1. Determine the relative contact order of the chain: mean sequence separation of Cα pairs under 8 Å and six or more apart, normalised by residue count, in whole percent.
2. Calculate the dipole size of the range 104-155 relative to its Cα centre from +1 charges on Lys and Arg beta carbons and -1 charges on Asp and Glu beta carbons; express the result in debye to the nearest 20.
3. I need two numbers for the range 12-85: Rg to one decimal and Dmax as a whole number, Cα atoms only, in Å.
4. Each label point is 7 Å from the Cα along the Cα-to-Cβ direction; what then is the distance between the points at residue 68 and residue 25, in nm?
5. For the range 12-85, with only Lys/Arg (+1) and Asp/Glu (-1) charged at the beta-carbon, what is the dipole magnitude about the Cα centre, in debye rounded to 20?
6. Suppose R0 equals 45 Å. What FRET efficiency, 1/(1 + (r/R0)^6) with r the Cβ-Cβ distance, do residue 111 and residue 134 give to the nearest 0.05?
7. Among 66, 16, 101, which comes first, second and so on when ranked by fewest other beta-carbon atoms within 10 Å?
8. Taking the chain as a Gaussian network, Cα atoms linked when under 10 Å apart, which of 138, 82, 39 shows the biggest mean-square fluctuation?
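The numbers here are math on the coordinates, done by the rules we state, and not lab data. Keep in mind that this is a model prediction, so the values were computed, not measured. Because the Cβ atoms are built from the backbone with ideal geometry, glycine has one as well, and the counts that use them run over all protein chains shown.
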Amino acid sequence: MADTSPGAARGPLATDAAVEEILGRLRLGGGRITTARRLVVESLLESPHHQTAEEISAQVQAKAPDVHISTVYRNLDELEKLGVISHVHLGHGPAVYHLSDEDHGHLVCSECGWVTEAPRQAFSALARALKGRFGFELDTQHFAVQGVCSHCGSSAGRPPA
Ligand SMILES: [Zn+2]
Ligand SMILES: [Zn+2]
Ligand SMILES: [Zn+2]
């Protein structure tokens, strides 16, 4: 699957086809398509940022007020078991969700909370080193990597050169 515009936000126009593509995979995997499931997937595709379960619930209920919050939470669990979405811990707060086809790790600034996505390849040298030295399989997907962003690093308490 060639995406010619990496990093381009998925606009509302791209969403319909993308939702169908994801729901198609879900169907192939034996999953049922329900209104709540479709809305959860839509919510994740439409938002430029990863969302907490609470934020996803709010989005779903804005479109379908009769979908109960417990239904949304149950569907998040089920969609995750089916491999369609996954959750990520960015820091101390609640986990956020993204679509599983988004293959990236997350960098979080511990000063300002800025979050960015880094492609899996950005970690490949570290992954190889850990594998070679410890036989350790690095997982950069589940937890974010903490650090200090270039803005905070250059402005906060660093003496001018
Ligand atoms: Zn992500
Ligand atoms: Zn920062
Ligand atoms: Zn977790």
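1. For the chain, the relative contact order is 17 percent.
2. Charge dipole of the range 104-155: 260 debye, to the nearest 20.
3. 11.4, 29
4. 3.0 nm
5. Numbers: 8 positive and 11 negative charges, 60 e Å.
It works out to roughly 280 debye.
6. That pair, residue 111 with residue 134, gives E of 0.90.
7. By the 10 Å Cβ count, ascending, the order reads 66, 16, 101.
8. 138
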